[in-house]
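This report refers to the structure that appears directly beneath it.
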2 protein chains.
Amino acid sequence: MASQGLSRLVLLTWTFLGVSNVLSDPTYETYYLEQKIDHFGFFEDATFRQRYLVSDTRWKKPGGPILFYTGNEGDITLFSNNTGFMWDIAEELGAMLVFAEHRYYGESMPYGNLSYSDPKHLNYLTSEQALADFAVLIRFMKESTEAKHSPVIAIGGSYGGMLAAWMRMKYPQYVVGALAASAPIWQFEDLVPCDLYYQIVTNDFKKSGSGCAESITKSWAAINRMAESDDGIRWLSSAFHLCSPLKSKEEVMAMKSWLSETWVNLAMVDYPYPASFLEPLPAWPIKEVCKYLKNPDLADKELLQNIFEAINVYYNYTGETPCLNTSQTAVGSLSDFGWSYQACTEMVMPFCSDGVNDMFEPQKWDFDAFSDECYKQWGVRPREKWIRTVYGGKNISAASNIIFSNGDLDPWSAGGVKQSLSDSLVAILIPDGAHHLDLRSNNPYDPKSVIQARALEVAYIKKWIQEYRQQLNI
Amino acid sequence: MASQGLSRLVLLTWTFLGVSNVLSDPTYETYYLEQKIDHFGFFEDATFRQRYLVSDTRWKKPGGPILFYTGNEGDITLFSNNTGFMWDIAEELGAMLVFAEHRYYGESMPYGNLSYSDPKHLNYLTSEQALADFAVLIRFMKESTEAKHSPVIAIGGSYGGMLAAWMRMKYPQYVVGALAASAPIWQFEDLVPCDLYYQIVTNDFKKSGSGCAESITKSWAAINRMAESDDGIRWLSSAFHLCSPLKSKEEVMAMKSWLSETWVNLAMVDYPYPASFLEPLPAWPIKEVCKYLKNPDLADKELLQNIFEAINVYYNYTGETPCLNTSQTAVGSLSDFGWSYQACTEMVMPFCSDGVNDMFEPQKWDFDAFSDECYKQWGVRPREKWIRTVYGGKNISAASNIIFSNGDLDPWSAGGVKQSLSDSLVAILIPDGAHHLDLRSNNPYDPKSVIQARALEVAYIKKWIQEYRQQLNI
């Protein structure tokens, strides 16, 4: 479970990578700001260069709003290239776009190549330090005459959405509001049931084809039976076209984790139009997958043959992949490495499955085992109660001006805010949406629900801008 | 200037010490909570024991409110013994009282005797870490059944008042409101004029007797003239009954700083009734002082003789002090040491005087000199822009439920919030109040303004409690 916990969490990131956007104007300038490596202590007084991207061609200066992407766990250019929503609305709002890179990702390395070398150098990779970077950067930008009266709106998706929401909670002086898309701010402790995440994945498959989820449910036992004999293991390697043949029962267990992650990934990127992920995917990819999984009552080999065809939709839609690699479900260039450290420190998200209400093998959440694995991998121990302590858990009603958008198809909506908490803490639900579909560019195949969601988001953003100007009397 | 900056800032603390209170019920239990030394990083995973005091004899459990003193720079027993207001209102509110010690003070030493040994061990002495300690402690207390639905009100004075306000801003989930008494949250950067502080001191002396402030204004030049000759320096040592005779012009300069601090201290503790400070003081001590300073036009020696009589009110009211010690204006047992470190890191408060609008020698605020002195003393450099960045400066309108109380006599009101910012960010002015008079016990000599202030404070606290219960529907 623990290893699954670790590896599954990296998924937060790379959905961003997924889909190529045709940006209306992807031009930006790259800047760097000297930031203290440690905002919260004075012994380490050194600085590093935080990268941020600025597009101001549509900015109505002075005083036009700033849409500020609170960068998450990856190279910031990925997010600027994959957050079409911001580019789409820049003109209408007369907005400057800023994409701020999260420390320890992309080019924003506090200690250069040594940043990930040991727990000491990793010590400043926390959400609080990242928020402080954003605060310092926004203050810096607002100290220029032209941006002095510019309202800033924080925008982010996934972990970036969590940061956007927390930015408004902790630094409301710098952001008049936040759009937190697919932000699982409650995926901590017992704030939500730990099995909800896998239930949502399961529902996506249930809805996408008769027999589909049931086939996957039954596949685990079929694999286990295969793993009982050397012949069976050899058969699995061959049937799944694995690049490296499985050598042991343990490797078969790891292969099951890889399959689980694949199903989860498909749920996150179940977008209504063809999109390039690690490899290109068709529109509504789960429906494509389910075409191969109509009959759960087949014998083991036939069932698993179908499972292979199904995951082939994900890994080999173009038909150009010679073999499948079970050690990879994420893009190499992205720092799932960094997120694994964050999950092993602050971002302790309990997941579990029971095999009854979901299509996965039963697995309990075991914090102690998770902690041991973290210590082995990173030399640090996670603090399971910290995030809720510092960011308030469900008691966030003192905050204001935050939109929490969630797609019903998205497993991460399990930890999201799905009911409005007040007039200004607003939940927007996107029934046909996968992981932060609303942050993506407009597309002819967009379902009505995401079009409405984006319109509502823009309306709130305009309201915040207006209120800010009224308050300043400008 | 820099040394003056350093030494003057310690004054924040020890006014608390000052006045003996007759507490209605000073009984409390002492507890300790294991806290992470570093809440914001995972490399230092060790813990320390934070002390806190609890008085629950008047607590209406379950669910009665908790008045939570956000401890500042000193032994927490000092604050529990000198915040009579909390003890006075416990019965009426059915409240539990909690006094939480600030890390690096009293018994709450992260590294025991090594805590102050070097910048590395001092690294975790920051306001953010202290607030996190409070959050962890409140969460811990609220996880007991009886306190689960207890609204918590943060209360503090001076730096403790700043912490109370910031607690509500940063952790509103844990405190329904805050009483920030005499909290100079704006004494940073250029948020308020740097000369206001000394002007308030000067006004206190001007109001307390004709010729009084003018005599002090003229005293500096008189001392300078004395310092020109060895005879003059000898005369000064003798006239001021100094324990250690002055040996150089530099020591005369230090003596002037000591005098300045004495005048400032008197302004802070200009209370309407006799009170024991370092030594006992009469009611309205500045009036007593000014009785000796009626004639500013005397010759140097006569003028300085009067100055000595005046400060003798402060240092030797009982007549039992054999000689005066220019190296001391604060109580030895209090950690002005700790505050000096905090002033050299986060709490960079610019002060200045011009000798025209105030009765002090002209001194500009010189950050660079201050920084150099900090580096010499502590091996760290202050960050002058940090506090405003992290706590919002004047842009705090997104916060709610904070009372900022300030006394007109108190020099620290210079950096305080003296106008209400919204319906729930309320300024209470106490025209006849010195440094957080409102936090002191009821006294027959209390001016009407402080009686009214306390009544209003209690009304707001009750309102917050009521709103919290309405929200929870209990």
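For the structure I just gave you, tell me whether A:Val252 is on the phi < 0 side of the Ramachandran plot and either outside the structural domain of A:Ala213 (by TED's automatic domain parsing) or free of Cβ contacts under 8 Å to residues at least 60 places away in the same chain (or both).
Taking the combined requirement at face value, the residue satisfies it.
If you scan the stretch B:233-271, which residues turn out to be under 25 Å from B:Leu281 (Cα atoms), assigned to a helix (DSSP H, G or I) and not aliphatic (A, V, I, L, M)?
Within the stretch B:233-271, B:Ser237, B:Ser238, B:Lys256, B:Ser257, B:Trp258, B:Ser260, B:Glu261, B:Thr262, B:Trp263, B:Asn265 meet the criteria.
How many residues does the stretch A:439-457 contain that are over 20 Å from A:Ser424 (Cα atoms) and loosely packed, with under 14 Cβ neighbours inside 10 Å?
Residues in the stretch A:439-457 being over 20 Å from A:Ser424 (Cα atoms) and loosely packed, with under 14 Cβ neighbours inside 10 Å: 3 in total.
Which residue is farthest from B:Phe40 (Cα to Cα), if the candidates are limited to the stretch A:371-405 and must be aliphatic (A, V, I, L, M) and more than 8 Å from chain B (Cβ to nearest Cβ)?
A:Ile403
Could you grab me the full set of residues in the stretch B:344-370 that are within 16 Å of B:Gly415 (Cα to Cα), more than 12 Å from every other protein chain (Cβ to nearest Cβ) and crowded, with 21+ Cβ neighbours inside 10 Å?
If the condition is that a residue be within 16 Å of B:Gly415 (Cα to Cα), more than 12 Å from every other protein chain (Cβ to nearest Cβ) and crowded, with 21+ Cβ neighbours inside 10 Å, then B:Met349, B:Pro350, B:Phe351, B:Ser353 are the ones that fit.
Taking A:Asn82, is it modelled with pLDDT under 95 and in the same structural domain as A:Gly41 (by TED's automatic domain parsing)?
So A:Asn82 fits the description; yes.
For residues that are of a type in the set (Gly, Ala, Ser) and surrounded by fewer than 22 Cβ atoms within 10 Å (Cβ to Cβ), scanning just the stretch B:56-80, find the one that is farthest from the other protein chains (Cβ to nearest Cβ).
For the stretch B:56-80, the residue satisfying everything is B:Gly64.
Hey, could you check the stretch A:22-55 for residues that are over 30 Å from B:Phe40 (Cβ atoms) and surrounded by fewer than 19 Cβ atoms within 10 Å (Cβ to Cβ) and say which is modelled with the highest pLDDT?
A:Glu29
Scan the stretch B:191-203 and tell me whether some residue there is free of Cβ contacts under 8 Å to residues at least 40 places away in the same chain, of a type in the set (S, T, N, Q) and not assigned by TED's automatic domain parsing to the domain that holds B:Leu78.
yes
For the subset of the stretch B:406-419 comprising residues that are within 21 Å of B:Gly177 (Cα to Cα) and not small (Gly, Ala, Ser), which member is farthest from the other protein chains (Cβ to nearest Cβ)?
That would be B:Asn406.
Go through the stretch B:363-402 residue by residue and tally those that are of a type in the set (S, T, N, Q), more than 30 Å from B:Val458 (Cβ to Cβ) and in contact with a Ser or Thr (Cβ under 6 Å, 6 or more places away or on another chain).
Qualifying residue count for the region: 1.
Sort through B:Ser158, B:Ser182, B:Ser144, B:Ser150 and tell me the only one that's more than 12 Å from every other protein chain (Cβ to nearest Cβ) and without any contact (Cβ under 8 Å) to a residue 60 or more places away in the chain.
B:Ser144
Return the residues of the stretch A:399-453 that are without any contact (Cβ under 8 Å) to a residue 40 or more places away in the chain, closer than 23 Å to A:Pro285 by Cα and hydroxyl-bearing (Ser, Thr, Tyr); say none if nothing qualifies.
Within the stretch A:399-453, A:Ser449 is the sole residue that qualifies.
Residues are listed down the side, and each one gets a yes or a no for (1) modelled with pLDDT under 95; (2) among the charged types (D, E, K, R); (3) not assigned by TED's automatic domain parsing to the domain that holds A:Ser449:
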site	(1), (2), (3)
A:Leu278	yes, no, yes
A:Pro282	yes, no, yes
A:Lys287	no, yes, yes
A:Leu303	no, no, yes
A:Tyr341	no, no, yes
A:Phe351	no, no, yes
A:Lys364	no, yes, yes
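For residues that are farther than 25 Å from A:Gln452 by Cβ, out of contact with any helix residue (DSSP H, G or I) (no Cβ under 6 Å at 6 or more places or on another chain) and free of Cβ contacts under 8 Å to residues at least 60 places away in the same chain, tally how many sit in the stretch A:64-106.
Looking only at that region, the number is 5.
Of the residues A:Gly64, A:Gly74, which single one is in contact with a strand residue (DSSP E or B) (Cβ under 9 Å, 6 or more places away or on another chain), part of a loop (DSSP other than H, G, I, E, B) and modelled with pLDDT under 95?
Just one listed residue meets the conditions, A:Gly74.
Anything in the stretch B:192-231 that is more than 29 Å from the chain's Cα centre (by Cα) and hydrophobic (A, V, I, L, M, F, W, C)? List them, or say none.
The answer is B:Ala221, B:Ala222, B:Ile223, B:Met226, B:Ala227.
Mind checking which pairs have a first residue in the stretch A:220-243 that is charged (D, E, K, R) and a second that is surrounded by 14 or more Cβ atoms within 10 Å (Cβ to Cβ), Cβ under 6 Å, 6 or more apart or different chains?
Taking only residues 6 or more apart or on different chains, the pairs are A:Arg225/A:Asp300.
Among the residues of the stretch B:97-141, count how many are more than 14 Å from chain A (Cβ to nearest Cβ) and aromatic (Phe, Trp, Tyr).
Final tally of qualifying residues: 2.
The values are calculated or read from the model by the stated rules, or taken from the named source; none is laboratory data. No experiment lies behind these values; they were computed from the predicted model shown. Please note: Cβ atoms are built from the backbone with ideal geometry, for glycine as well, and neighbour counts cover all protein chains shown.
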